[in-house]
Structures are given as C-alpha cells and as structure tokens.
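So the structure is just underneath, and the comments pick up after that.
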C-alpha cells in the first residue's frame, strides 16, 4: 500500500520524465537501473533511496528538495489544495532565487511556482526550455530578457513566451515576487 508521499513522488518523477521526452529505457540506462525498477518507482510500487533521488534530481536538473513533499493533513485536499505553510521550497536564499511550488504536484499540464528574486539577483547565462511560460509580478521590480529584448516589469505587470531564450534580473532594492506558470511542468 502506497502512502501519500509515494503517490506524489511517483507522479512527479513520471511527469519530469515525460516533460523531457525520455523513455523508461533511457532513464534506466542513465541511472544504471532496470526498466522494471524505474517503472515501479513511477507507479509508486518501489520507493527510491536518497542516493536514487539525488540521481533523479541530477538527471532532471532539479533540486533534490523537489522530491520531498509536505504532508497534507486533510485527505480531501490532497492533489487539490496547497496551503501557504506547506509548499515545497526549491532553491536557497544564497542563490538569490527561492521558489515554492504552488501546484499540488507535477502531474497536470502546467505547474505554478512562486519565485522570490533577491535584490541584484540575476540569471547571467541565457536559458531556453521547450515550454510555454507566463508570469505575473506580484511585487517589486523584475527585468526579463526574451529573445534579446529586455522588458522592465513592475507590480501587476505580466509576460508570456514560448520556447524562446530568456534571462532575468532584479534591478530593485527589494525582493521581486513573480508567480510563474510553466507548461508542461519542468520542475
């Protein structure tokens, strides 16, 4: 019998694999595990060890903290509601970016993330993902470069782009809070 954490973990690993267009066989080869084992992990029948979770995190390019969900005390809220004090936190304040997963899991067609950018924080190297992304600036100043064009955004402004190179920075003296939506989920 699988518990709630195993269900979320299994769903998230499967969603990350599919978002990256990888097969079970490709994952198994990269992890040095059998296809059957990876399939059992994705179905919640096997629980990966901490070293396995580190390997999954490295393979998918996500922080290992993503795989540690917070308990949902009310069964009717599981997979539906995420309470403010129970979000999964991704990143650290030392990196200049702390993100919280607002979506209950990665199993849907999109994910929603609350990103807090420290003053002066920036993504120096251009990033590009095979996703459609949109964001809403809840507070602060936020600069985003999309396909070589910089845009200065303030509280209440929003943006959207698909599959284009981007960079970001917080030019302000206060943290910038951006609600970010990504489809398909990549975290």
**OP:** Taking only region 40-68 into account, find how many residues are under 22 Å from the mean Cα position of the chain (by Cα) and part of a helix (DSSP H, G or I).
**Re:** 17
Subject >> Count - residues of region 123-153 that are modelled with pLDDT of 95 or more and either on the phi > 0 side of the Ramachandran plot or part of a strand (DSSP E or B) (or both) >> reply: 21
**OP:** Consider residue 167 carefully, then state whether it is in contact (Cβ under 8 Å) with a residue 24 or more places away in the chain, outside any loop (DSSP other than H, G, I, E, B) and exposed (fewer than 12 other Cβ atoms within 10 Å of the Cβ).
**Re:** no
Original post:
Any idea which of 177, 137 is surrounded by 15 or more Cβ atoms within 10 Å (Cβ to Cβ), under 17 Å from the mean Cα position of the chain (by Cα) and assigned by TED's automatic domain parsing to the domain that holds residue 105?
Top reply: 177
**OP:** Among the candidates 78, 33, 83, single out the residue that is at pLDDT below 80, over 30 Å from residue 167 (Cβ atoms) and more than 16 Å from the chain's Cα centre (by Cα).
**Re:** 78
Subject >> Among residues of region 170-187, those that are farther than 17 Å from residue 19 by Cα and outside any strand (DSSP E or B), counted >> reply: 6
Subject >> Given (1) closer than 16 Å to residue 179 by Cα; (2) assigned to a loop (DSSP other than H, G, I, E, B), index of the condition residue 120 fails >> reply: (1)
Subject >> Residue under evaluation residue 108, criteria (1) surrounded by fewer than 18 Cβ atoms within 10 Å (Cβ to Cβ); (2) modelled with pLDDT under 85; (3) assigned to a loop (DSSP other than H, G, I, E, B); (4) over 14 Å from the mean Cα position of the chain (by Cα), criterion not met >> reply: (4)
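The values are calculated or read from the model by the stated rules, or taken from the named source; none is laboratory data. Bear in mind the structure is a predicted one, so any value in this text is a computation, not a measurement. Here Cβ is always computed from backbone atoms with ideal geometry, including for glycine, and neighbour counts include all displayed protein chains.
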